[in-house]
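J.: Dropping a structure here in structure tokens format, bear with me for questions.
The values are calculated or read from the model by the stated rules, or taken from the named source; none is laboratory data. Small disclaimer: the values here were computed from a predicted structure and weren't measured. No Cβ is skipped: glycine too gets one built from the backbone with ideal geometry, and neighbour counts run over all protein chains shown. For the accessible areas, the whole protein counts, side chains as well, though only heavy atoms, and no ligand, DNA or RNA atoms are used. Shrake-Rupley method; radii C 1.70, N 1.55, O 1.52, S 1.80 Å.
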Amino acid sequence: MISNWVILLLSVISGVLSGTACISLIQSFTQTAMAVIITVYALMTVFFLVGFRVMVNRWKLAKRLMGHPLSAGFIGIFSLAVLFSLKGSLDHLQDNSWLIRLFVWFGSYATIFVGVTLIILLLYPIQIKIASSSASRWKIIGYALPCLVVWIIYLAAFYPGGMTPDSLSHWRQIHTHEFSSWHPVFYTWFMMLTTTFWHSPAATALGQIFFLAGVFGFAMYSFEKNGLKPILLWVVTAVFALSPVNSVFSIMIWKDVLFSTFLLFFTVISCKVVVTKGEWLYPLSSHFLLGGAVIGIIFIRNNGLPVFLAMALLLMITYRNQAKRLLMTTLTVCGIYVIVTGPVFDVLEVKPADPNEALGIPTQQLARVIALDGELTVEQAEYLNRILPLAEWKEHYHPYLTDRIKFLDDYNREVIYEDYGKYFSTWFSVVSNNFSIAVDAYLKQTSLVWQINEPQHGYTSLYSTEIHQPNDYDLKSASLLQGVKSLLTSWQTFTESHLKQLVWRPALYTFLIVLLAFIGFIKNGWTAWLVALPVLLNTGTILAGLPAQDFRYQYANSMALFIIGLFALLLYNQPLLKRTDDDDEAA
């Protein structure tokens, strides 16, 4: 048995080495404040102290974990992905020797590897078997209540809610009834419904608050029925309600908030299907809930339909005894979609969305090739010049934002629409001849999705608690709780300034979702991935066409993390790694 003094000494040494490596991975060590360095050293020492003790106490499990090719391979590859997600520009290491650079890379990777392993060792032995409890349905309201209280206070403080130009476009549509698919009609209808008796943006914000709180309450009620202890669920509820992300997004008049709520609802439903091995799908009422969640997803964002179809196919393959019911629900939902987006939209004269919105990634790749004087043939240069003068491509290119090009007056998108084949063949040829530049452009444009550490010249667009000025409807912000507003503004600003990587970079939530889904997988088999797939598929579609670095595009991930985290504690199938006595003692 290793003595406590040896563990402490190893923890201090490891904490100092790993702290130095991790700081250097993100920023210049010599330019980091001493207070920050000491804090990181202390945290890393505690981290390794806990890690070494867990490793000693669960050595048998650790050996089985590293001995299984799936788990060992996942930890290695996942840690490498996190390493690249965390790294800064590393310009500060250019003048250092290769030994220093190797120390930074290897030390940081080893730290992440140990951290990922530690999380698995802590959570894998917790295997709460599914057990039906007699939780009252009134618990749905009980779990929703803290969310309602906190978020309504936020609404009063930032009354009547936050509105950007996108929000005002919806507000215009509810007055003119000139609908456009660019800003989804479904959300405009939601605004029309919520403002029927109270014509204020606050009414729409309240609608979002009650819906999101209700979905979360339903999720906690479902977990209590599955056997999770109420004390744990109340702690999770408190964190969810007080989250600076949920608190402020619940009052934002954005389609993305409603879409994310429906996606959260779909995630909860997927969890219920999986833990019951498909039995939840027997009652007809379950299919009404499933259909309702899916309709919200497919009508609010264009990427919602492929997400649903992929999930429907996987559910039908997995739960074949429910395939007919699932097929009927899928066909019904698709039928509603075709009817609404076809004849109904025609009657309402809904303007179609601009197809150029889907071309964000190709636009950025072409722009970067031009901006860096990449290889272009005369024909390619002439074609791209017809879309936008080459000088303007160079002048207005921003590595993390498409809007500066696609909204230019001289940007002639009609050239693209005249011949899509010509556009995509040109794009493919340019990318092939400038592959490294094109890959770099893609990674920069999608950094919001995969990069935890905000890039040096990048940005993260968060939210606005004010109403955009000027506007045509004389809408103005008018706090009902001015003192509370000042306090909440200070808190939100603190999280943005000091906790951005932890709170406001969605990539962290995505990585944690993948890790927790993997823990569920080694406990219960591959069906555990079905719970995480709705948000992961949504993330995949975002990777294919992200237009800007807006947190709202990935807001659903920050909420789904709570659901997938609780799901990872459950046991409903045979574990991939066989249990031993040390697992039972740990649990």
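J.: How big is the gap, in Å, between the Cα center of segment 547-563 and the Cα center of segment 459-528?
T.: Each part's Cα centre sits 8 Å from the other's.
J.: Would you mind telling me the share, in percent, of accessible area of segment 117-231 contributed by carbon and sulfur at probe 1.4 angstrom?
T.: Ligands and nucleic acids excluded, carbon and sulfur give 72 percent.
J.: Once amide H atoms are placed 1.01 Å from N in the peptide plane, what residues at a sequence separation of 5 or more from K351, or on another chain, have their amide H within under 5 Å of its amide H?
T.: Placed amide hydrogens put F179, S180, S181 under 5 Å from K351.
J.: Please list L122, L569 from largest to smallest accessible area, probe radius 1.4 Å, with all protein chains kept in place. Before the final figure, lay out the partial values.
T.: Values: L122 70, L569 20 Å².
Largest to smallest exposure gives the sequence L122, L569.
J.: Which value, in Å² and to the nearest 10, is the accessible area of T111 when all protein chains are kept and the probe is 1.4 Å?
T.: 10
J.: Using Cα-Cα distances under 8 Å and only pairs 6 or more residues apart, what relative contact order does the chain have, in percent? Don't skip to the answer; put the middle values down first.
T.: Numbers: 743 pairs, mean separation 118.3, N = 587.
Computed over the chain, the figure is 20 percent.
J.: How much net charge surrounds K225 when only the other residues with a Cβ under 11 Å from the Cβ of K225 are counted, with Lys and Arg +1 and Asp and Glu -1?
T.: Values: positive: R137, K139, K272; negative: E224.
Charge balance near K225 sits at +2.
J.: Given the C-alpha centroids of segment 106-135 and segment 54-71, what is the distance between them in whole angstrom?
T.: Computed from Cα coordinates, the inter-centre distance equals 12 Å.
J.: Skip the ligands, DNA and RNA, and give the accessible area per residue of the chain with a 1.4 Å probe, whole Å². Let's see the in-between values first.
T.: Details: 26160 Å² over 587 residues.
I get 45 Å² per residue for the chain.
J.: For segment 355-445, what does the alpha-carbon gyration tensor say about shape, rounded, prolate or oblate, given a ≥ b ≥ c as the root eigenvalues, a/c under 1.5 as rounded, and a/b over b/c as prolate? Could you put the intermediate results ahead of the total?
T.: Numbers: a/c = 1.30, a/b = 1.08, b/c = 1.20.
Because its axes are fairly even, with a/c under 1.5, segment 355-445 counts as rounded.
J.: What accessible surface, in Å², does a 1.4 Å probe find on M66, ignoring ligands, DNA and RNA and rounding to the nearest 10?
T.: Rounded to the nearest 10, that gives 80 Å².
J.: Got a number for carbon plus sulfur as a percent of segment 355-445's accessible area, 1.4 Å probe?
T.: Working: 2410 of 4370 Å².
The C+S portion of the solvent-accessible surface of segment 355-445 is 55 percent.
J.: Here is a follow-up. Can you give the net charge of the other residues whose Cβ lies under 14 Å from the Cβ of G162, counting K and R as +1 and D and E as -1?
T.: Overall, the nearby charge balance is 0.
J.: I would also like to ask the following. Jot down the per residue volume, in cubic angstrom and as a whole number, of the convex hull over the alpha-carbon atoms of segment 140-225. Please report the intermediate quantities before stating the final value.
T.: Working: hull volume 8.9 nm³, N = 86.
So the per-residue Cα hull volume is 103 Å³.
J.: On to the next question. Please list D346, D419 from largest to smallest accessible area, probe radius 1.4 Å, with all protein chains kept in place. Walk me through the numbers before you get to the answer.
T.: On the way: D346 115, D419 80 Å².
Putting D346, D419 in descending order of accessible area: D346, D419.
J.: Pop out the Kirkwood hydrodynamic radius of the chain from its pairwise C-alpha distances, inverse of mean 1/r, in Å to one decimal. Could the numbers behind the result be given before it?
T.: Working: mean 1/r = 0.0382 Å⁻¹.
About 26.2 Å for the chain.
J.: Let me ask another. Just to make sure I understand: if all protein chains stay in place, what is the order of H468, H170, H183 by accessible area at 1.4 Å, largest first?
T.: Details: H468 75, H170 5, H183 25 Å².
From most exposed to least exposed: H468, H183, H170.
J.: What does the accessible area of V350 come to, in Å² to the nearest 10, when a probe of 1.4 Å is used?
T.: About 20 Å², rounded to the nearest 10.
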